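No value in this document is a laboratory result; all are computed from the given coordinates. For clarity, every value in this text was computed on a predicted model and none was experimentally measured. Reconstructed Cβ throughout: ideal geometry from the backbone, glycine too, with neighbour counts over all protein chains shown.
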Amino acid sequence: MTLVDISNTLFYIALAAVILGVIVSGVGPQGFFPLKSDKKPGEFEAPRKQVIIERQDKGLSRLKRSKLLWGGLVLMLISIVITLF
């Protein structure tokens, strides 16, 4: 196994870790879909803009604290450095 093969495998593992970190931390399409209304069962209401912004801020702060994401980014940098040699 050459260094390029090791670097490619490491990069794919890191990419999977980053994707998993984003999914696990909860940052996703939340807040972009209309909410079901409690008043009328068949109707939808648009969520308030402030509630959407607060959810996204909380999601980003969880993402910044995610060890899986940072570990994946470090592995990506290591694989890039290995590729350069």
query: Among 48-58, 10-20, how do they line up from the highest to the lowest mean number of other beta-carbon atoms within 10 Å?
result: 10-20, 48-58
field: Two-site FRET efficiency, residue 54 against residue 77, from Cβ-Cβ distance with R₀ of 35 Å, rounded to 0.05
entry: 0.60
